[in-house]
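Remarks on the structure that follows.
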Amino acid sequence: GEDERHGALQEAVDFLRATLANGALSAREVIRQAEDAGISKRTLDRAKKNLDIEKHKEGMTGPWVWELPAKIANFSEDRHA
């Protein structure tokens, strides 16, 4: 049902926030870890859109890298100010 889908999406969002909290990771690595956590690629993609994950290539030939947008990455630090 809808709740189940929402739960899966929320789980994927939390997963991405936690996984990328310490900095950017290659897309391949993120996807592999998500699969280990039982998160489907489709749900991961929705979570990625939800969080405005920033994708960029490491150099010309490097892998695709996913990174949390600065506003999210800095959010946890701001509250301790």
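The values are calculated or read from the model by the stated rules, or taken from the named source; none is laboratory data. Predicted model only: the values in this text are computed from it and were never measured. Ideal geometry is used to build each Cβ from the backbone, glycine not excepted, and the neighbour counts take in all protein chains shown. Keep in mind that these areas ignore ligands, DNA and RNA; they rest on the heavy atoms of the full protein, side chains included. Shrake-Rupley method; radii C 1.70, N 1.55, O 1.52, S 1.80 Å.
Going through (1) under 24 Å from H6 (Cα atoms); (2) at pLDDT 95 or above; (3) surrounded by 11 or more Cβ atoms within 10 Å (Cβ to Cβ) one by one, K49 falls short only on (3).
Just name the residue that is least open to solvent (accessible area, probe 1.4 Å) out of those in the stretch 1-46 that are part of a loop (DSSP other than H, G, I, E, B) and out of contact with any helix residue (DSSP H, G or I) (no Cβ under 8 Å at 6 or more places or on another chain). For the stretch 1-46, the residue satisfying everything is G23.
The residues of the stretch 52-75 that are acidic (D, E) and open to solvent by less than 70 Å² (accessible area, probe 1.4 Å) amount to a single one, E67.
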